[in-house]
1. Within 15 Å, Cβ to Cβ, of Leu70, how many net charges do the neighbouring residues add up to if Lys/Arg are +1 and Asp/Glu are -1?
2. Report the percentage of all Cα-Cα pairs in segment 61-199 whose separation exceeds 17 Å, rounded to a whole percent.
3. Highest mean first, what order results for 59-66, 180-187 on Cβ atoms within 10 Å?
4. By how many nm would the segment from Ser191 to Asp237 lengthen if fully extended, with 0.36 nm per residue of separation less the alpha-carbon distance?
5. Could you work out the relative contact order of segment 1-151, using alpha carbon pairs under 8 angstrom and six or more residues apart, expressed as a whole percent?
6. Can you list the HN-Hα couplings for segment 96-108, worked out from phi with the Karplus curve (6.51, -1.76, 1.60; θ = phi - 60°), rounded to whole Hz and with x for Gly and Pro?
7. Sort 151-162, 24-35 by packing, meaning the average of other beta carbons within 10 Å per residue, with the highest value first.
Amino acid sequence: LGPNSISGPFAPYDAISPLTLGLLIVAIYLLWLRRAAQQQEQMAVSLTIHAITATLLGATFWYGCGLLLLNVLETVSPSKTPVTPENWTTAIALIVAGITYIALDILLRRRSANAALMSPLRGFVLTLLGGGIVVGATGGATALYAYATSLLGSPLSNWQYTAHSGLAAFVVSVIIVGLYLWTGMRAGFFSSSAKLHISPTPAASSSAIDVSATTTVAPLSTAQVIDELLAGKITRDEAISQIERLMIPR
């Protein structure tokens, strides 16, 4: 391809314009986030950026996997919509663009554990889990409807492609839900145990502890506070407040 094909007005394969726009948007928001980081905890902002980036790249990666699986199904059992080289290129490009999400996922878990700050990781896990459930339910229902109407003698127009699309979305979503349901359960994100909420005021922090509903909870030991923090059941600030409370002579 020549330079005029990838840049300039009406270029058929314009790659410069979206690339430039993306870099400009990233630069603007990085500047805004740096200002926010000066007023808030640096690690919390950094982990939040990390989680958002991993989520977007993860969605790109799994969408590419779905398209790749769709192309495979169309190749094995062709429909009225032929698979073109552009279909393969699009699927592979999405996978390549989002594959760094795997490394970001692993790094986010390690950084969250080291910083004892689980909220960004929890948001990342729950976002992918929720998205997988929604897409899986939609894809499964679509595939089931397409196959059912075909078996009943009243098929949709080009029902094979519709069924393959729904089946590909369902299979990829099952993988996503399985991965992040296991991650969430292992990290204790779905634990039903009561979470302590300590009042931020100095007077209340030394004497009162609010618990969900009206349950009275015995003071935790330092080891128990650390365990709760690592499990993501309490926040870093709550853990600090509880440890400080334990240090007050009775």
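Just so you know, all these numbers are worked out from the coordinates, no wet-lab data involved. If you're wondering where the values come from, they're calculated on a predicted model, not measured in any experiment. All Cβ positions, glycine included, derive from the backbone under ideal geometry; neighbour counts span all protein chains shown.
1. -1
2. Here the long-distance tail beyond 17 Å is 68 percent of all Cα pairs in segment 61-199.
3. Ranking the peptides 59-66, 180-187 by packing returns 59-66, 180-187.
4. 14.6 nm
5. 23 percent
6. 5, 5, x, 5, 5, 4, 4, 5, 5, 4, 4, 5, 4
7. 151-162, 24-35
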